[in-house]
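Bear in mind these aren't lab numbers, they're just calculated from the coordinates by the rules spelled out. Just so you know, these numbers come straight off a predicted model, no measurement behind them. Note that we place each Cβ from the backbone using ideal geometry, even for glycine, and neighbour counts take in every protein chain shown.
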Amino acid sequence: MSVELFIEVRCEEIPARFVAPALEGFAAGLRKLLGGLLVEADGPVQVYATPRRLAIAAHVLAARPSVQKIVTGMPIAQARVGDAWGPGALAFARKRLGPDAGPEALFEHNGFAAVRATEGGGSTEKLIAEGLEALVLGIPFKKSMHWGDRPERFARPLHAVLCLLDGKRVVTTVAGLTTTDLTVGHWLLSPETFPVETSARWLADLRQRGVYTDRAERHTRVAAMLAEAARADGLTLVPDAQLLEEVVNLVESPGVVVGRFPQELLQLPPRLLIESMKVNQRYFPLFSVAGELSNRFVVVTNNPKGDPALIADGNARVLSARFHDAKFFYAEDKKRPLREHANKLGGTVWIRGLGNLAERQAEITAAAVRLGALTDADLTSLRLLGGVLKADLATLMVGEFPELQGHVGRLLAESEGYAHAIAIEEAWLPRHSGDGLPTSPEGLAFALAERMTLLSRCFIAEMEPKGSADPQGLRRAAVGLIALVLALPTSGDAASPGSLGALFALAGVPLTAALTEFLVARLRATLLAEGHPVDLVDAVLAAGGSDVPSIAARVRGLAALPKEELAAVRTTFRRVAGLGKDHTSAVYALDLLQGEAEYQLHVAVKALPAVADPASLLAALRSLRPVVDRFFDEVLVMCDDLPLRGNRLGLLRTILDRFGGFADFSRLGGE
Amino acid sequence: MEPTPRESFQSLLLALQRYWGGLGCVILQPYDMPMGAGTFHPATFLRALSPKPWRAAYIQPSRRPTDGRYGENPNRLGHYYQFQMIWKPSPPNIQQLYLGSLEAIGLDLRAHDVRFVEDDWESPTLGASGLGWEVWFDGMEVTQFTYFQQCGGVELASTPVELTYGLERLAMYLQGVDNVYDLCWVPEGINPDGTVRPRVSYGDVFEWNELEQAQDNFENADVAEMLRGFDVWEAQARDLVGRRLPLPAYDCVMMCSHTFNMLQARGAISVAERAQYIKRVRDLALDVAKEYIRKDAMTRQERRIEAGREQPPAVAVAGGAT
């Protein structure tokens, strides 16, 4: 029969982002402490959290089954003094069994002095009393701190630890706090203490006081309140799972309030308004049914009994002050054309030793114009936009809201009538892996040029990332560059870029060997992140070259084969490589071909298309495979007749060479 | 009758001092040197380094040359007030005490939404950092609430809690005004001698100052002189640390920091150089901290002896004198 163990740790507000990993670590720590005492068959381990408490409930055995065990000490020769047990052996017995243990407890076991000790059998309560402090203080947090004069660390100062086993308090201390069987409600609305007996009562009693400790329940509740608030105003809410999750972990008694800011502030760029509301204030912006941003927003509060008008007004004032600032900056920025803002770029250092922002802008533009043909970009537009590409970095608006870089430049350029102004914003894409890619050919050219020049300059200056230090974000830039190269148009008039060398040469950007290696390593990581088997990725990469689209197409093509066929390809061509690899000459004589299988393989090899594009090569590989299989079934390659053997190896070597640019088959693994 | 903290800026300052003074804080006055934040006051930065208990509160003008707006921006000032409270070791009920201070200035917590939102604090120039929150009052940041963990590059033996209230912002909320210069510093009243005291606004006290200081910070301040000044203050700080005088050395560190802020406002320091200057100030702060800790562990007499103001007590020589 199991009983309930319930622990509640109360502390000051834990950062929202700490909560989920802390609960995971709490549960893992508890499992480790309890071991076999945990009876998950009687119910799963349950975790609860609000900003001010972490709790866990589990079914456990009330007592540990005891086990008798032989424990050995020193060798018998040292343990004995004549016929009697010596002082060393007696000390060993007392250490193991307690101060009352005498010579009668000792016996010989396999040449050693030994005693029979009882292990386990202690109460679960004792185990928990002894282990609670380490369990609680072992809860992992991304950052932890000291408080008062305490040597311990926790996310924020600890206030109380409640620990109940079968409804009764387990008496011990944690960070100098004696455990309790009392808890409190919301710090403002129900701060009085009350006793707790079970987790179920705790949950219900707190709920009755307006504190929702179950995160899933609080999540559902907040989501419903948000939806209702939007509906009541005839507006809609764009779901944002991340913001919702954060907000749920910022409150224990959720309430919602709808606020509004002055209508005229809607003239500001919607992205500014939305990001300020979400990122800085954790508000949910409301939209009209048609999708237009409204001047209303929902705040999730931690005080459902507060005065909605006062709370809405306070929150709206914060936004208004911020937006009025932005409006002022935007109006100031619009007083001068982007060209004039761009004139200030020369005064700002880009990267120490690598020039200023004006030079940076010119360098990106020059490369983008050279890449323009590749992306089908309008070259005139590229030149015009290039003159103001970074101009918004000199605006007040971006100085105040750096997350809007690119966006502000685009908006100002649009208002000045620049064609394809979207490219100014798209030059920043992708900002992180999984981010969107440029949709305009001009944006794609700028985005490529931006990253190629950044990487090239930094590698030449020997500023490549070392260890985890990557101050210029070169890894992110490289991953972004790979994604952009893969997004290049493959049909139409645009020429394929070919290798990285050809791509950089086209852009007029120097490519060092170290950078090539760095980019290929990022390509490998990108392909592995797509879920492709590591042997396929390495086999294709080992074929050499740095033609990114081709490498990706070969890996993806192979990985997309039906499971059985892929297994067969691996087996067959690994064998071809195993045999043919060390044979140096890719020649064979027709008159030495014996039998149908061997001849058919020759015919098939001769018929291999001369093309090198990945799709044709893969098709050739697939059609060749059954012929090779038959050859292996019917022909003994390593026969005793040396000329025959050499001829067959020459045939296999020919195959290897024909596919040498596709993949190194010797790298293919098993299933 | 004295106006309430909702009615006058002056009453807000007095109410906070009275509240924290009533809880045992030493009510200090602003330090007499320019600084960017109240944390620079020796009552916080230096006292935090000591393991001895300490409770103090004070108002400190903060000078942020880059935030000056010629008196034209309703929310930004190059010179503003912080109310600073430091309590070490941090008491277990500090959140409660803090919330009490909001009630003491006339805020009804039950009607509003008060939140503690994660915000870790770091002062690179002081080698100081801490964990805590910004306190949101209906979404508005009213206080920075920090448990110091490190100061002068030293892990602290006893954890201080620091509260920093942005006074103008709080007053604007309390008085319901949108422009800082419209704040009522003290309302019209009748003086004890029967004369009428006119209403004084924040603008009456500070607008002219904001205009001229901004002119100086952005246009006039002599860059070459300030660059030289930085070097001079730095050399002096180093010299004083060498002479084991951390308190005057720290004054020089504050001057370095302020000079650096002025240079930034003049746009004289590039992004790359910025880190170098910060490091120079931090290195000094770290040296001062080490020396302060050493002297803090000494008795008054030991310090006077080291200063040559007292003779060391005669030591009994083994074997005795003849």
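Each of A:Leu338, A:Leu371, A:Leu310 was scored by the projection of its Cα onto the charge dipole of region A:254-395, and the greatest displacement toward the positive side belongs to A:Leu310; charges sit on the C-beta of Lys, Arg, Asp and Glu. Of the GluC sites (Glu not before Pro) found in region A:186-247, the ones in coil according to DSSP and having at most 12 other Cβ atoms within 10 Å of their Cβ are A:Glu192. Applying both filters, DSSP loop and at most 15 other Cβ atoms within 10 Å, to the trypsin sites (Lys or Arg not before Pro) of region A:265-311 gives A:Lys305. Summarising the amide proton neighbourhood of A:Gly185: residues at separation of 5 or more, or on other chains, whose placed amide H is nearer than 5 Å comprise A:Glu192.
Summed over all non-identical Cα pairs, the Kirkwood treatment of region B:9-216 gives a radius of 18.0 Å. Dipole check for the protein assembly as shown: with +1 at the C-beta of Lys and Arg, -1 at the C-beta of Asp and Glu, and the Cα centre as origin, the magnitude is about 1820 Debye.
Selection among A:Ser415, A:Leu500, A:Phe26 by position relative to the dipole of chain A gives A:Phe26 as farthest towards the positive end (Cβ unit charges, Cα centre). Between exposed trypsin sites (Lys or Arg not before Pro) in chain B, where DSSP calls loop and at most 14 other Cβ atoms lie within 10 Å, what's the longest gap? That would be B:1-198.
Among the residues of B:136-147, the average count of other protein chain beta-carbon atoms within 10 Å of the residue beta-carbon is 5. Restricting region B:62-122 to GluC sites (Glu not before Pro) that sit in a DSSP loop and have at most 15 other Cβ atoms within 10 Å of their own Cβ leaves B:Glu72. Of the cross-linked pairs A:Lys334/A:Lys390; A:Lys69/A:Lys95; A:Lys143/A:Lys278; B:Lys52/B:Lys88; B:Lys52/B:Lys295; A:Lys126/A:Lys168, those separated by over 18 Å at the C-alpha level are A:Lys143/A:Lys278. Inverting the pair-averaged 1/r between distinct Cα atoms of the protein assembly as shown gives 35.0 Å as its Kirkwood hydrodynamic radius. Where Rh denotes the Kirkwood radius from the mean inverse Cα pair distance, what is Rg over Rh for region A:69-117? With Rg and the Kirkwood Rh in hand, the quotient comes to 0.91. Can you give me the Cα centroid spacing of region A:555-632 and region A:372-449 in angstrom? Using only Cα atoms to place each centre, the spacing works out to 48 Å.
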